[in-house]
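The block underneath contains the structure these notes are about, expressed in structure tokens.
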Amino acid sequence: MEPTTTQRPTYYEELRRKGYSRRDFMKFCTMIAAYMGLEASGTAQVANALMQHPRVPVIWLHFQECTCCSESFIRSSHPMVADIILDKISLDYTETLMAASGHQAEAAMRKTMEEHDGEYVLCVEGSVPVYEDGVYCCIGGRSAIDILEETAAGAKAVIGWGSCACNGCIQAAKPNPTGATPIHQLIKGKPLIKVPGCPPIGEVMAGVLVHLVTFGRIPELDRIGRPKAFYSKRVHDSCYRRPYYDAGLFVESFDDENAQKGYCLYKVGCKGPTTYNACGVTKWNNGTSYPIQSGHGCIGCSEANFWDNGASFYTRIPTFPGFGIESNADTVGKVAAGATAVGLAIHATAATLRGKKKGAQMETEGQANAAELD
């Protein structure tokens, strides 16, 4: 298939050129539409967009971070995620993945900014240090804050990848010696999407970018700027251990019998009740597992200040917003047991009353039969 007359080929054209079949392409569209929470018709919308729209230019910056977001992205369960987003969405600039380096790399970024002003998507991985004129993170002799402000000026939208860019992560933990600052506190007046997590799930990252391509706008966000499709539910709500929480069955220490039985990890520090993420639904490594399923409590990495919330990752949350049995985990088992006891008592009382009523009825019937015989 020959490329269209657009300056940039479409995603579909690039994928066919890379050797993917139409069947592979449609399977990818179905998968990503499901992750995005679209209806059945959403698959066709995604497919049409990727077949018709030219590639969106992307500048991907790296500041104070460990590159785990990029690692998560390129290790997505579907190989086309990396091909269609990283290779074929046209990563015009990224320090860790592009072949060019030095002056060539900087020239590529400059060219993208000039030729696609107002069209490119700016992805930022890492926090930005602002103390000492930004000296703690410099690239090509320029500070991170200087690079960020320049590239954001001509961006169509800005995406903060991971907790470093979204909430500062460990760099911003007390005492925060470099003045590590999340992106949304530095960039104003631009559509900005937060995709937190340490790292975020690869399919979540792909879904955000595909939404931009498919609908030409940023996805619906929650009150702090996260895509609702992936961050609208607590990890607690989709956890397979939730029934144990409701029943008051908890792991008291990681080496106890309850841990072997797979009971709820709340009392050993799990932050699932206060963390919004798609871990329990999407999972990691081709849908194989996620931290709680692997036996470790959620550390709340998609929430702000998670490094400084509580004494440690293994300190239980004393209370958290909720109602009924969720108001205090200490009373969960008691409430459940009490409710069961009350239910049994009511059942026993009802059975007794029914028995007495039936006995009185039989006695009455017997007296009536005896009278007839007389």
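The values are calculated or read from the model by the stated rules, or taken from the named source; none is laboratory data. Just so it is clear, the model here is predicted, and its values are computed rather than measured. Every residue, glycine among them, receives a Cβ derived from its backbone with ideal geometry; neighbour counts consider all protein chains shown.
Taking only pairs six or more apart or across chains, which ones have beta-carbon atoms under 7 Å, a first residue in segment 21-37 that is assigned by TED's automatic domain parsing to the domain that holds V208, and a second residue that is part of a helix (DSSP H, G or I) and of a type in the set (D, E)?
Listed pairs, sorted by first residue: Y35/E203.
Would you mind finding the one in I224, I159, I187 that is touching a residue at least 12 places away in the same chain (Cβ under 8 Å) and part of a strand (DSSP E or B)?
Of the residues listed, the single one that is touching a residue at least 12 places away in the same chain (Cβ under 8 Å) and part of a strand (DSSP E or B) is I159.
Just to be sure before I move on: is L186 touching a strand residue (DSSP E or B) at 6+ places or on another chain (Cβ under 9 Å) and at pLDDT 90 or above in the structure I sent?
It is true that L186 is touching a strand residue (DSSP E or B) at 6+ places or on another chain (Cβ under 9 Å) and at pLDDT 90 or above.
Mind checking which residues of segment 166-179 are touching a Pro at 6+ places or on another chain (Cβ under 6 Å) and buried (at least 24 other Cβ atoms within 10 Å of the Cβ)?
C166, N167, G168
Here's the yes/no breakdown for (1) buried (at least 23 other Cβ atoms within 10 Å of the Cβ); (2) β-branched (V, I, T):
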| position | (1), (2) |
| --- | --- |
| D117 | no, no |
| L122 | yes, no |
| P129 | yes, no |
| E132 | no, no |
| C138 | no, no |
| A144 | yes, no |
| I147 | no, yes |
| E150 | no, no |
| A153 | no, no |
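Please return the ranges of helices (runs of 4 or more DSSP H) entirely within segment 1-79 where 1 or more residues are among the aliphatic types (A, V, I, L, M), modelled with pLDDT of 85 or more and surrounded by 15 or more Cβ atoms within 10 Å (Cβ to Cβ). Explain how you work it out, then say what you get.
Details: elements: 11-18, 22-35, 42-52, 68-74.
The helices (runs of 4 or more DSSP H) meeting that bar are 22-35, 42-52.
If you take the residues in segment 238-287 that are part of a loop (DSSP other than H, G, I, E, B) and of a type in the set (D, E, K, R), which one is surrounded by the most Cβ atoms within 10 Å (Cβ to Cβ)?
Top of the filtered list is K271.
Among the listed residues A152, A105, identify the single one that is modelled with pLDDT under 95, of a type in the set (A, V, I, L, M) and out of contact with any helix residue (DSSP H, G or I) (no Cβ under 7 Å at 6 or more places or on another chain).
After ruling out the rest, the residue left standing is A105.
Is it the case, given these coordinates, that I218 is of a type in the set (V, I, T) and either in a strand (DSSP E or B) or surrounded by fewer than 17 Cβ atoms within 10 Å (Cβ to Cβ) (or both)?
Judged against the criteria, I218 is not a match.
Against the condition modelled with pLDDT of 90 or more, more than 19 Å from R217 (Cβ to Cβ), under 24 Å from the mean Cα position of the chain (by Cα) and not in a loop (DSSP other than H, G, I, E, B), how does L86 come out, does it pass?
On the way: modelled with pLDDT of 90 or more: no; more than 19 Å from R217 (Cβ to Cβ): yes; under 24 Å from the mean Cα position of the chain (by Cα): yes; not in a loop (DSSP other than H, G, I, E, B): yes.
Here the answer is no, as L86 does not meet what is asked.
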